[in-house]
Amino acid sequence: MTGDDIREVLPEVFRIPVPLAGNPLKELNCYLFRGRKEAGERNLLVDTGFRTEGCRLAVLEGLGLLGVSMEDTDILLTHLHADHSGNVADLTAPGGKVFVSRIDHRYMDGSLQGNKTARFREHGISEDMIQAMLACTPSRTMAAPLSFTGYTLLEDGAVLPAGRYQVRAVWTPGHTPGHLCFEILNTGAMILGDHVLFDITPNITDWDGVEDSLGDYLKSLDKIYPYEVSIPLPSHREAGDMKQRILALKAHHERRLAECLQIVKALQSEPGVRPCLYEITGRMHWKIRSKGWDDFPAAQRWFALGECLAHLDHLKAEGKVRPVEDEQGICYRA
């Protein structure tokens, strides 16, 4: 990494690219608010990368190029996913604070476990397949340790100092139940986390204790649409026009819902075929390099199944499909 790789997005606010080796996302955009020591301001680092040595060193290298150390830096997490929170234990200095949403923290401290494996079993996914997928998921291999407890919990609307600025938390559930965007007050800038990405679509999956993750996500898109954001700061890749992208994301999910519903209708009319989660997911269109559904890499199959399930949950909430249980598990009828 060189100084040319770091971009100043606002005065004394910097985007640091953190490589995500072996991950299709390629990089995480960390953001660093550099405080003025003479004014007693602490630095604030937004997100941390996976719990890998490569991510840790990349963050420290970027901070070093900016003349910053973790001894004077607090951490702010947009959400719980490992590519954002994995390094908190290894980066936090004594006395440093780590801010995270109260809702996402329930999953991070183990008090509320994700239910995806249980739901996959209910839907007839084999135990061998579940274990193969689990072995490749970042939440198992590169997440923050449960033993780390140094979190300060945030609610919707919380305001925090960030160098010379103040940021306000905006609760945007969907991608995770407690996902937070952060409005940088009086600047026209907003840190978007994974809520709005501009050349890829955020993964929306099911969560324990949440009946309709996709419904929550669509409402959260509506929630931030009125904000006048001239400087959108996503967690992955480049930015664009936020309002246009929100409309495009909503249209994308409408198309996916229509596709999912049509597949259920087609499968239930095919003799000898169950409209189950695995079959429905396999017939949806996915932008991935693979010969076919059965050849999907295990990690990508995990995300695809969860995303399909979130769409089925939303169709159920709308009364367009209903789950039916048979001897092989749950399937769907339109």
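The values are calculated or read from the model by the stated rules, or taken from the named source; none is laboratory data. The model shown is predicted, which means the values in this text are computed figures rather than measured ones. Ideal geometry is used to build each Cβ from the backbone, glycine not excepted, and the neighbour counts take in all protein chains shown.
Is it the case that some residue within region 88-111 is aliphatic (A, V, I, L, M), more than 14 Å from the chain's Cα centre (by Cα) and modelled with pLDDT under 95? The answer is no; no qualifying residue exists. Go through (1) within 30 Å of I16 (Cα to Cα); (2) among the basic types (K, R); (3) in contact with a strand residue (DSSP E or B) (Cβ under 6 Å, 6 or more places away or on another chain) one by one and return the number of the condition K243 breaks. Status for K243: all satisfied but (3). Residues of region 48-88 that are among the charged types (D, E, K, R), in contact (Cβ under 8 Å) with a residue 60 or more places away in the chain and either surrounded by 22 or more Cβ atoms within 10 Å (Cβ to Cβ) or farther than 17 Å from E27 by Cβ (or both): R51, D83. If the condition is being of a type outside the set (D, E, K, R), part of a loop (DSSP other than H, G, I, E, B) and under 15 Å from the mean Cα position of the chain (by Cα), then region 189-228 contributes H195, V196, L197, F198, I200, T201, P202, N203, I204, T205, W207.
Could you tell me whether R121 is in a helix (DSSP H, G or I), under 21 Å from the mean Cα position of the chain (by Cα) and under 30 Å from I280 (Cβ atoms)? In short, no. Sort out which residues of region 275-296 are part of a loop (DSSP other than H, G, I, E, B) and either at pLDDT below 90 or basic (K, R) (or both), and write them in order of number. Result: K287, I288, R289, S290, K291, G292.
Being part of a loop (DSSP other than H, G, I, E, B) and either crowded, with 19+ Cβ neighbours inside 10 Å or modelled with pLDDT of 90 or more (or both) holds for only one residue in A143, A169, A132, and it is A143. Counting only residues that are outside any loop (DSSP other than H, G, I, E, B) and at pLDDT below 95, region 256-274 holds 1 of them.
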